[in-house]
1. Around D394, which amide H atoms from residues at least 5 apart in sequence, or from another chain, sit under 5 Å from its own amide H, with H modelled in the peptide plane?
2. Work out Dmax and Rg for segment 168-306 from the C-alpha atoms and quote the Rg first, both in angstrom.
3. For a quick size check, give me the Cα extents of segment 230-309 along its three principal axes, largest first, whole Å.
4. Working out 0.36 nm times the residue gap between N220 and I530, then minus their Cα-Cα distance, what length gain in nm do you get to one decimal?
5. Mind checking segment 542-647 for GluC sites (Glu not before Pro) that DSSP puts in a loop (not H, G, I, E or B) and that have at most 10 other Cβ atoms within 10 Å?
6. Could you look at segment 468-571 and say what percent of its accessible area is carbon and sulfur, using a 1.4 Å probe and all protein chains?
7. Skip the ligands, DNA and RNA, and give the accessible area per residue of segment 356-466 with a 1.4 Å probe, whole Å².
8. Extending each Cα 7 Å along its Cβ direction at K539 and R342, get the distance between those two points in nm, one decimal.
Amino acid sequence: MREIRLSGSEGGGALTGSPYPYPDPPDKPPFAPEPAGHFSPAACPTLDQNDRLILARPTGPTAQNPVWIFAGNNPLGVGSSIWHLIPLSPVLQLRGYIMSRFRLGGLRFCARWMPLSVVLGGLCLGMTGCGAAGPPSPSASNDAASERMAQGQSPEPLPPQAVPAKSPESKKTAPPNSLNESYAPVTENAFRLVQVAPLSTFSADVNTASYSNVRRFLNNGHLPPRDAVLLAELVNYFPYRYPNPSGDTPVSLTLDLAPCPWKPEHYLARIGVRAKCYDPGESPRRNLVFLIDVSGSMGWSEKRLPLVKKSLELLVNQLRADDQVSIVTYAGDSRVRLLPTRGDQKDTIMTVIRDLNTGGGTNGEGGIKKAYEVARASFVGGGVNRVILCTDGDFNLGQTSQSELVQLIERERNSQVFLTILGYGVDNYKDSTLKELANKGNGHHAYIDTLDEARKVFVEQGAALTMVAKDVKFQVEFNPRRVAAYRLLGYENRLLADEDFKNDKVDAGDIGSGHTVTALYEIVPIGAPIDLPGVDPLKYQTPGQPAGPADDWFTAKMRYKDPLGETSKEVVGILSSGAGPKAMSEDFAFASAVAEWGLLLRDSPHKGAASYASALKRASAAATYDPNAHRQEFLQLLGKSIELAGKSPAN
């Protein structure tokens, strides 16, 4: 709840406003005086039922006492009392003069009603100020904050605001189709004939938001919406024991092949990547900007701003003395809450974070611009420069369309400042927007549903904020002598044109320190039945004859750039007949169980003989390596999936 005080002296003083709780703090001046009787929208932003407007006289014996108090959703009551602050004495004197000098005529008639006209005018101004006016433009406050930063001065803090009342978050246990959440439609990759399309090209993806979001649905007693289930993000949620990179190469490449669990006549191919892992003491300096959404919707429950505060505290506790942190918030406008501060000043950083409260609209555009501006101003050459955005993604002021926000992020990423997006909340969570912004902003996207998930992101994988390879792309060429058709599981939003693989101007995913990336292909070997439409022979070309070693299954190429480089380097791996198919390793078996679970949650047309029981049996046998108990949690989610699927109307 906000309290906004307006005051005017009796008999003609100026009407002024202060956005601070009544009484005004002595060190915070009110707004600049307005002309008498003017009810300024700047002094009274758009109010709702959780706010209060206080009218008071600043002089005389009642100066320190509120005269009238109204709820913010009662502009009629507010407006009807504005006349108490209007100087009526001169008006009455003028009325008396006219009435005494003129006995007839329109002027005398007008004079008779002059005081009432003034009162009604005050009423209209009041209703306009509190009922219809939007928030003041953020441009002036942003420019002033920029000037203060340039001069090394502290930015002006926002007034404290109370957390608004609980909202539709109470619907968090409602069926998924009743929620106002946004997911991009996903059309699963189909099988491709090798004779028609021998190349498969896609970008790396280290996003994990889909897994924790699906977990939230299951824990609330519902199967997730189909488009909330992304196979690549489910599989990549878990770490795997791929070999560490060797030499100067920051990534390793692993290939293997095994029988497909849900289609025994097919094979399952795995491409695994492991990034170099920095020890805590050897990672580069970090320049981090916490960009925090403090709009009204972020105060709806403990899963929003309160969880953001606890999440960031975990990260703050990991900072070194040579790291630096800035804090930018946005609601109706954007504000710099903390200038770059050394990582060992943890109390200072956390005091700012703990004091945050919510209220207002969601001008994500202004916040993003301000955060990148701060990051550029405090840029650390050769270090990690990253904006960490914490939001529910419900942008409703400034640029709000996904395409406009994506264009903004694409422009900003050229500054070598990278982006991490952490999604919070239920009901109005905009997964599709956040995912696309992360994909285009040289960053990754995670969904924080619990403090344990925040611990995974900031403590277990904290070093991943340090990028080791950017614009990571894969291109797989299948041997037509061995492979009739193939299907990439997941990565639907990461597909690239074949010619983009060697085009260094095309953006792709980035990999942080210690990250692992896994891609799975379902392969139809030569001789296995496959029901796909054929293609007529070419009229103007003669198809080339197969070349190269006949016993290769496929060749996988990976291109990447150094974090500050602009020219790609290439790593190549070949899966020959001697390397597969073989029995699955424990990690491979677990990844395949996660993929099978995803196929069932999506009710995929390619699920074959997949079953929850089969996935549970295989995952249970592959959970001995579980340093942080994530695999045990997955077994519990499989159990919940079995229970909920049994209750589903489809069953």
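The values are calculated or read from the model by the stated rules, or taken from the named source; none is laboratory data. In this text, all values refer to a predicted model and were calculated from it rather than measured experimentally. All Cβ positions, glycine included, derive from the backbone under ideal geometry; neighbour counts span all protein chains shown. What goes into the accessible areas is simple: the full protein's heavy atoms, side chains included, and nothing from ligands, DNA or RNA. Shrake-Rupley method; radii C 1.70, N 1.55, O 1.52, S 1.80 Å.
1. Excluding prolines and chain starts, which carry no amide H, the hits are K430.
2. 20.3, 55
3. 54, 38, 14
4. That pair, N220 and I530, stretches by 107.6 nm at full extension.
5. The qualifying sites are E566.
6. On segment 468-571, the fraction of accessible area on carbon and sulfur atoms equals 51 percent.
7. 27 Å²
8. Roughly 7.6 nm, to one decimal.
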